[in-house]
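Report on the structure given below.
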Amino acid sequence: MAAIHWRFVMSTRAHIVVIVATAITIGVIFRLVRLQQLRSKYALLWLSIAIVLVPLAAWPRLLEWLSARLGIAYAPTTLLLAACAFLFAVAVHFSWELSRLEARTRTLAEEIALLRTRLEEPSESRPTDALPPLLRDAE
Amino acid sequence: MPIRTLAVIPAFNEESSLPATLRELRAAAPELAVAVVDDGSTDATSAAARAGGATTLRHPFNLGVGAAVRTGLRYALERDFDRVVVVDADGQHDAAGIAALCRALDDGASVALGSRFGTGSPHYDIGAMRRRGQQLLAGVVRRLTHRELTDVTSGFRAFDRKALEFLAAEYPAEFLADTVEVLLKCHAAGLAIVEVPIAMRPRSGGRPSSRHLKLLINYLRLLIGIASWRWRRSIGGSS
């Protein structure tokens, strides 16, 4: 069987493409943070990928070495595996975040309904004591 | 001091059936305060509620029956009511049943559940698939609570002050969780649940709340909800 090592398959041009793409990604994320369109905790999440990708693209032997350490014969698989694991973790995190946001949105909407009704009432029929305590979410 | 009772009516696009429901309620129980929770309707539900003389609470968008009920419970707590009766907006619940539910609270129940199937309630047809699903759910709830419950998805229910305070924070929003899971929560919190046979009528307007596939998905979600919640409780109990 012809031993075509993956190192020789990936050309110099491909390396340059990966490095440029990563640089652009970093640039876009920084821009989003600066424009306050992206919370810095998510920026950190995506930047950490870039930080991992750049050295791997610049020094392909690094990935090879890592794969050998993990016992993975075909080095690019390591990258794919890591990407899958990372994206899965991100998706789970977003589901969690979304659930929390939905619970909070719901509580806020209920609060608005109560406040609106209170405001619409004639002032003499309104309870005179202070507003009832804010509801704490059950989570 | 007399017991103050609030009727909470969750309503989503019920402008056609709400006026009759409110009229009937007023005739059957004139001493009752009524609050309609308009769950983000796109029709004139709020206006119909106001015209019918009910206090109107309006969600800015649709959140589901559970959220509407919780808003009603929180309103009841804010205004210091002793009891809440939840009544459907579509006229399915016979207003005469409210007295029966309140009697159950008088007898010491914290949660009174209006049942369509219990002994003594007239025949009410809901279709085979729906019935089988509800029997399954009732079986699960019976097993977990050791209480004689036959209709766990009925939305016609009454709460005393103790249940009110508990549920104002804990009422789940998801469909089915808002009827079934909430009973398990109440049971775990030590609230006494009693079922009362009630006559129900066919819907006077609007659409039934769910189609088959959606119903199946909701059932599965509910089972996950119950399982995870029991697990959480067992952890809480052991620590």
* Structure fact -> Applying the gyration tensor rule to the Cα atoms of the stretch A:27-129 (axes a ≥ b ≥ c; rounded if a/c under 1.5, else prolate if a/b exceeds b/c, else oblate), the class is prolate
* Separation between Cα centres of the stretch B:30-78 and the stretch A:63-117, rounded to whole Å -> 37
* To do: Measure out, as a whole number of angstrom, how far apart the alpha-carbon centroids of the stretch B:181-203 and the stretch B:88-107 sit.
  => 12
* What average count of beta carbons from other chains do you get within 10 Å of the Cβ of residues in B:70-76? -> 4
* Asked: Hey, got the average number of other protein chain Cβ atoms within 10 angstrom for residues in A:110-120?
  -> 6
* Contact order normalised by residue count of chain B, Cα under 8 Å, 6+ apart, percent -> 23
* Structure fact -> Listed with the fewest Cβ neighbours within 10 Å leading, B:F156, A:F86, B:F117, B:F61 appear as B:F61, A:F86, B:F117, B:F156
* Structure fact -> DSSP beta bridges in the stretch B:5-238: the antiparallel percent, rounded to 5, is 25
* To do: Just rank B:T45, A:T22, B:T145, fewest to most, by other beta-carbon atoms within 10 angstrom.
  => B:T145, A:T22, B:T45
* Taking amide hydrogens as modeled 1.01 Å from N in the peptide plane, which residues meet the under 5 Å criterion relative to B:V196, leaving out close sequence neighbours? -> B:L113, B:G114, B:S115
* Asked: How far apart, in nm, are the 7 Å Cα→Cβ label points at A:W59 and A:T25?
  -> 2.0
* **Protection proxy ranking of B:17-23, B:189-195 - average other beta-carbon atoms within 10 Å, highest first** => B:17-23, B:189-195
* Fewest-first sequence of B:V37, A:V52, A:V28, B:V8 by Cβ atoms within 10 Å of each Cβ -> A:V28, A:V52, B:V8, B:V37
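No lab work stands behind these numbers, since they all come straight from the coordinates. Quick caveat: nothing in here was measured; it's all calculated off a predicted structure. Cβ: placed from backbone, ideal geometry, glycine included. Neighbour counts: every protein chain shown.
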